[in-house]
Each structure stands twice: as structure tokens, then as C-alpha cells.
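Before any comments, here is the structure.
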Amino acid sequence: MAPANKADKKATLDAAAWSFNIVTSVGIIIVNKALMASYGFSFATTLTGMHFATTTLMTLVLRGLGYIQPSHLPLPELLKFVLFANFSIVGMNVSLMWNSVGFYQIAKLSMIPVSCLLEVLLDKIRYSRDTKLSILIVLLGVGVCTVTDVSVNTKGFVAAFVAVWSTSLQQYYVHYLQRKYSLGSFNLLGHTAPAQAASLLVLGPFLDYWLTGKRVDAYNYNFASLMFIFMSCTIAVGTNLSQFICIGRFTAVSFQVLGHMKTILVLIMGFFFFGKEGLNLQVVLGMVIAVCGMIWYGNASSKPGGKERRSLSIPISKQQKHGMDSTELDGKV
């Protein structure tokens with residue numbers, strides 16, 4: 001009875017984590033699209049710095065209330081994580097600017113095989129045939145949905161290469177750090193968010209000026225745009241937290257594969273909120289293929305041998321465990 005209850009609790013927490021991530025991720029995309037399209041706030045890197053500043057404030061409040069216990073993350077590990085994360089953010093922004101939409105989407109899809117490669121090489125993960133095939137089905141479905149025109153140039157390819165590898169490394173590192181240092185999602189955010197906020201708020205305005213030719217301090221702020229910025233920052237707290245929770249509970253590959261449900265939902269929400277001219281048979285067919293692939297992946301990877309570790313490669317460091325253990329905050333079982 002106890003194992004069954006434990007499995008039921010894990011399934012409930014897994015579903016809650018995915019739902020939290022999907023809702024906040026889709027929400028922030030819709031809000032940011034309205035902010036940039038309707039109010040001309042095109043300073044994406046600076047906005048991300050604001051997101052992490054708000055997240056930092058949240059972690060400070062929770063620490064003051066006693067919900068986050070003291071923990072340790074070595075400075076070299078923190079610096080590596082911030083380097084990967086910031087290159088991911090900058091690389092994605094530059095890749096979107098220098099590449100066609102089609103090639104940008106292909107680059108995003110390539111994060112799944114890159115994340116698989118990292119897990120195979122660094123964590124000694126073995127995937128079953130069904131798991132590999134289900135990943136290919138997801139890639140095919142999302143590709144049919146999103147990839148249209150495809151043109152490649154040298155600097156765009158370099159930007160996409162940096163974006164793909166840095167994003168994959170950042171997501172792998174979230175899982176790595178949580179396991180190695182016994183850090184919960186709140187604890188890891190408490191270490192990384194302040195460093196990301198500081199670096200992006202310093203570099204963001206210069207990078208945004210380079211990308212857009214506009215200065216963030218010269219933007220015509222008004223009540224409506226400030227409200228959308230506030231909403232974006234508020235939702236971002238949930239997005240950042242839910243990403244760490246999901247990758248911590250699962251892996252970067254599962255986060256990427258099942259995370260493409262967000263791509264499907266964004267397309268659907270876009271049709272409802274921003275017009276239906278993009279809705280056609282090709283997009284609907286791609287959505288159906290992708291969802292079938294996600295269902296197959298969830299079933300195949302959960303079976304014995306579907307996705308297993310050949311040997312443990314990451315030592316778990318000893319962490320002080322007074323009060324509430326940090327991993328309990330994520331409901332890990």
C-alpha cells in the first residue's frame with residue numbers, strides 16, 4: 001500500500017510540476033508578445049534581467065520567512081552556470097535576429113539530440129529503441145508545425161550553434177547541480193538568480209542597443225507598458241522556478257521533449273489572440289504528430305529499460321540538512 005501511495009504522490013507532483021511550467025511559460029510568451037508587438041518594448045535581454053531581479057527578490061523573501069534553508073554552491077560552479085545561462089539568452093536573441101524563422105526553429109529542435117548526447121556522454125544514459133523513435137516523432141511533429149522558410153548564413157549558424165549548446169549545457173547543469181549538491185529548486189534559484197540579474201541588467205542595455213538600435217532608457221514608458229512589464233516579471237518568477245523543478249525532477253531531455261507541448265499551446269493561443277491566418281492543415285497535422293510523440297515518449301521512457309543509467313557518474317556531496325531538507329520543497333520521492 002505504501003509503495004502505491006508513494007507512486008501516486010509522485011505522479012501527482014510530476015503532473016503539477018509540468019502544469020505549472022506549461023501555464024507560466026505560455027503565459028509569459030503571450031504577455032511578452034503583447035508587450036513587444038503592441039507597446040514596442042523590444043529590449044529582450046534587459047527584460048530577462050528584470051525577470052531574474054524579481055526572482056531574486058522572491059528568493060530573499062522566502063529565505064527571510066524560513067522556507068529556504070542555508071545551502072552551499074561553490075563559486076566556480078556558480079560562474080559556469082551563469083556563463084552557460086547568459087550565453088543561452090544572448091545566443092537565442094542573436095540567433096533570432098540573424099536567422100530565418102525556419103532555421104531558428106530547427107536550431108531549437110536540435111537541442112533535444114544535443115541534450116541526449118550530453119546525457120549519454122556525461123551521465124551514461126542508455127535509451128531504448130522506442131524512446132529514441134518517440135523523440136524523432138516529436139521532432140517531426142514540431143518541425144511540421146513551425147518550420148517554414150529555411151535560409152542559413154555563416155554568422156547566423158554560429159549564433160545558433162552557441163545558443164543550442166549553451167542552452168543544452170545550462171539545462172543539463174540544473175539537474176547536475178541539484179543532484180550533486182542536494183539543492184532544491186528554491187535553493188538553486190537563490191544562488192543563481194542574483195548573479196544572472198546583475199550580469200544581464202549591466203550587459204542587457206548594451207546588447208539590446210546593438211540588436212535594435214534603441215536605448216532602453218529612452219523608451220517611452222507609460223502605465224500600460226509598465227503593467228505589462230510587471231506582469232511579465234511576476235509570471236517569470238513561476239517560469240524560472242518551474243523550469244528548475246521540472247529539470248530537477250526529470251532530466252533536461254524530458255524537459256525538452258515534453259516541453260514542446262508549450263510550442264503547441266503557444267500556436268493555439270496565438271490563433272485565438274492574434275488571428276487565425278496561420279492555422280492550416282499542415283500546422284494541425286504537425287500538432288497531432290507531436291502530441292502523439294510526446295505520449296509515446298512518456299510511456300516508453302517510463303518503462304523498465306526505456307531510459308536508464310549505466311553507472312553513476314556524479315558523486316553526491318554532503319549537504320547540511322537542518323530544518324526542512326531543500327529537496328522536500330520540490331516534493332521529490
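See the values below:
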read-out: Per residue solvent-accessible surface (Å²) - the chain, probe of 1.4 Å; value: 48
read-out: Probe 1.4 Å - accessible area at M50, Å² to nearest ten; value: 50
read-out: Accessible-area order (highest first, 1.4 angstrom probe) of the listed residues F250, F81; value: F250, F81
read-out: Positive-end residue, the stretch 18-303 charge dipole about Cα centroid, Cβ charges, pick of L241, V26, V253; value: V253
read-out: Estimated [θ] at 222 nm from DSSP helical runs (n ≥ 4, -39500 (n - 2.57)) normalised by residues in the chain, nearest 500; value: -26000 deg cm²/dmol
read-out: Accessible surface of K9 - all protein chains present, 1.4 Å probe, nearest 10 Å²; value: 120
read-out: Calculated from backbone phi, Karplus (6.51, -1.76, 1.60) coupling profile of the stretch 244-261 in Hz, x at Gly/Pro; value: 5, 5, 5, 5, x, 7, 10, 9, 5, 5, 4, 4, 5, 5, 5, x, 5, 4
read-out: Given charges at beta-carbon only (K, R positive; D, E negative), |dipole| of the chain in Debye; value: 720
read-out: Candidates N21, N299, N93, ranked by Gaussian network fluctuation over the chain, Cα under 10 Å, top entry; value: N299
read-out: Amide proton proximity set for G305, modelled H, under 5 Å, gap of 5+; value: none
read-out: Rel. contact order, % - alpha carbon contacts under 8 angstrom, at least six apart, the stretch 18-303; value: 40
read-out: Placed amide H near I125: partners under 5 Å, 5+ positions off or other chain; value: V120, R310
read-out: Integer Hz, Karplus 6.51/-1.76/1.60 couplings in order for the stretch 69-84, x for Gly and Pro; value: 8, x, 8, 10, 10, x, 4, x, 5, 4, 5, 5, 4, 4, 5, 4
read-out: Table column - 3J(HN,Hα) (Hz), the stretch 212-218, Karplus curve with 6.51, -1.76, 1.60, x for Gly and Pro; value: 10, x, 10, 9, 5, 6, 9
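The values are calculated or read from the model by the stated rules, or taken from the named source; none is laboratory data. Note that the structure is a prediction, hence the values are computed from the model and not measured. Ideal geometry is used to build each Cβ from the backbone, glycine not excepted, and the neighbour counts take in all protein chains shown. Ligands, DNA and RNA are stripped out before the accessible areas are found, and what is left, the full protein with its side chains, is counted by its heavy atoms. Shrake-Rupley method; radii C 1.70, N 1.55, O 1.52, S 1.80 Å.
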